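S.K.: Here you go, one structure.
The values are calculated or read from the model by the stated rules, or taken from the named source; none is laboratory data. Computed from a predicted structure; not experimentally measured. Because the Cβ atoms are built from the backbone with ideal geometry, glycine has one as well, and the counts that use them run over all protein chains shown.
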Amino acid sequence: MSAARRWLLNRYVVVFGTIAAVIFSWNVYVATHDDGRIAGMVVGPDGRPVPGATVTLRERTLTTLEPRATVRTGERGEFLLTGQRVHHFVLEAQKEGVGASPRTAFRLYFRGQNFTLPVPLRLGG
Amino acid sequence: MGRYPTWPVHAGLIAVSALMLTPFYWVVRTSVTGDNIFAYPPALLPRHVHLFYFVDVWYYIPFVRFLVNSVVVSLIAVVANVVFNAMGGYALTLPFRGKRAVVLALLAFMMIPFQATIIPAYLITKELGLLNTHLGLALPLCSTIVGIFVFKAAFDAVPRSLIDAGRLDGLGDGQILRLIMLPLSTSAVATNVILSFIWSWNSFLWPLIIVRNQEMQTLPLGLSTFLSYLENTTGALYAFCIMVLIPGVLIFVLAQRQFIDGLTSGATKA
């Protein structure tokens, strides 16, 4: 075995090299997916999209829930929040005359991770 | 040899190992589930595994700052231990008047707990102007008597003929130490590296006393700060413990053979 090959297969080089490669890959992934886009839908008690509902995002800190952003849903009940540097947050939707959704907590793997709600926020739930 | 089956011994060792690893398993399990450790009945297998508690630790506290402080302090301690302990160990292999008294004194000093010397250590560090600095954090761990004796045992095992040959070639004591002793004592070096790294990495009391602001806190101090923030941090707290433990465990696992060799070198000499 050549000296260079032996050096490359040294367990210290392999372990720390692998760790460095994982960290680098993770940072590349984060850099390309951290626009802070949070998208979702709001539906009524009957499951139909609700336009004009207000969606509020609150960031969960160590001690409190801090309001960060508010947005109104579009024609098809969809909403999009951008530039949200949060990793642990709560979403709540409400509309006059229809009701409010329960506060739902979400967790992300890094701040600003692009995220689409897996299920819509249901008003009057 | 070979008359008795070995499986009962292995079974016993596996059982004891499992017993000793149970607390570690519980820490890992809680860090990825957040389950309350006091839940009854306790669930052995984790459910709803996720890594979000590690993310919480990363963002809720200045983890990177604590990590950098711990790494810098540990590096200073490791380098200083290898250099100073090697010099001390080499000195103890040379003949000089009062050597036996010095060895006995060092052995006796090992019995003095650090807590007993912490006030003089603090005053010395203060006089040197090193309070709240990385060097000040590493200062009491820059040389340890155990490390000196590890080097002494390793250097005693080096054939005198090699040292005499070096002297004939005109080498001084520093060169003999650097060019002959240390290359032939890699196990002792590894032992010093691991011991000094783990001691400085886990050090809590000394940083607690000399650190004045959060910017200089190390990981164990950060852990106690984290504990004081919030009650309901079960999962995040254990995730923090794992993140603090990983570097020490990694270093030990990678160099465990040299570590064991270094601790046992000289043990079988007459």
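S.K.: Of the numbered conditions (1) touching a residue at least 60 places away in the same chain (Cβ under 8 Å); (2) β-branched (Val, Ile, Thr); (3) more than 14 Å from chain A (Cβ to nearest Cβ), B:Val68 fails exactly one; give the number of that condition.
M.R.: Among (1) touching a residue at least 60 places away in the same chain (Cβ under 8 Å); (2) β-branched (Val, Ile, Thr); (3) more than 14 Å from chain A (Cβ to nearest Cβ), B:Val68 violates only (1).
S.K.: Do any helices (runs of 4 or more DSSP H) lying entirely in the stretch B:117-221 carry at least 3 residues that are within 23 Å of B:Asn69 (Cβ to Cβ) and of a type outside the set (Phe, Trp, Tyr), and which ones are they?
M.R.: Once the helices (runs of 4 or more DSSP H) in the stretch B:117-221 are filtered for at least 3 residues that are within 23 Å of B:Asn69 (Cβ to Cβ) and of a type outside the set (Phe, Trp, Tyr), what remains is B:134-138, B:186-202, B:205-210.
S.K.: Sticking with this one: Quick check on the stretch B:162-170. Is at least one of its residues over 30 Å from B:Ala116 (Cβ atoms), under 22 Å from the mean Cα position of the chain (by Cα), assigned by TED's automatic domain parsing to the domain that holds B:Asn132 and modelled with pLDDT of 90 or more?
M.R.: Narrowing the stretch B:162-170 to residues over 30 Å from B:Ala116 (Cβ atoms): B:162-170.
Filter once more, so that each one left must be under 22 Å from the mean Cα position of the chain (by Cα): none.
No, every residue in the stretch B:162-170 fails to be over 30 Å from B:Ala116 (Cβ atoms), under 22 Å from the mean Cα position of the chain (by Cα), assigned by TED's automatic domain parsing to the domain that holds B:Asn132 and modelled with pLDDT of 90 or more.
S.K.: To continue, here is another question. Restricting the search to the stretch A:1-30, which residues are of a type in the set (Gly, Ala, Ser), surrounded by 10 or more Cβ atoms within 10 Å (Cβ to Cβ) and more than 14 Å from every other protein chain (Cβ to nearest Cβ)?
M.R.: Once the filter is applied, which keeps residues that are of a type in the set (Gly, Ala, Ser), surrounded by 10 or more Cβ atoms within 10 Å (Cβ to Cβ) and more than 14 Å from every other protein chain (Cβ to nearest Cβ), the stretch A:1-30 yields A:Ala21, A:Ser25.
S.K.: Hey, does the stretch A:66-88 have a residue that's within 14 Å of another protein chain (Cβ to nearest Cβ), in contact (Cβ under 8 Å) with a residue 40 or more places away in the chain and either in contact with a His (Cβ under 7 Å, 6 or more places away or on another chain) or assigned to a strand (DSSP E or B) (or both)?
M.R.: No, that holds for no residue.
S.K.: Test each condition in (1) without any contact (Cβ under 8 Å) to a residue 60 or more places away in the chain; (2) assigned by TED's automatic domain parsing to the domain that holds B:Tyr238 for B:Leu19 and report the one that comes out false.
M.R.: (2)
S.K.: Still on this structure, I have one more. Check off (1) free of Cβ contacts under 8 Å to residues at least 40 places away in the same chain; (2) more than 14 Å from chain B (Cβ to nearest Cβ); (3) farther than 12 Å from A:Ile38 by Cα for A:Tyr109 and give me the number that stays unchecked.
M.R.: Unmet condition: (2).
S.K.: Which residues, counting only those in the stretch B:11-64, are under 28 Å from B:Glu215 (Cβ atoms) and out of contact with any helix residue (DSSP H, G or I) (no Cβ under 9 Å at 6 or more places or on another chain)?
M.R.: If the condition is that a residue be under 28 Å from B:Glu215 (Cβ atoms) and out of contact with any helix residue (DSSP H, G or I) (no Cβ under 9 Å at 6 or more places or on another chain), then B:Tyr59 is the only one that fits.
S.K.: Can we say B:Tyr122 is over 17 Å from the mean Cα position of the chain (by Cα), in contact (Cβ under 8 Å) with a residue 60 or more places away in the chain, in the same structural domain as B:Val158 (by TED's automatic domain parsing) and farther than 16 Å from B:Leu141 by Cα?
M.R.: Judged against the criteria, B:Tyr122 is not a match.
S.K.: So A:Gly99 clears everything in (1) at negative phi; (2) surrounded by 16 or more Cβ atoms within 10 Å (Cβ to Cβ) except one condition, right? Which one?
M.R.: All conditions pass for A:Gly99, except number (1).
S.K.: Something else about it: Could you please let me know if B:Gly166 is more than 29 Å from B:Asp56 (Cβ to Cβ) and either in contact with a helix residue (DSSP H, G or I) (Cβ under 6 Å, 6 or more places away or on another chain) or touching a residue at least 40 places away in the same chain (Cβ under 8 Å) (or both)?
M.R.: The answer is yes for B:Gly166.
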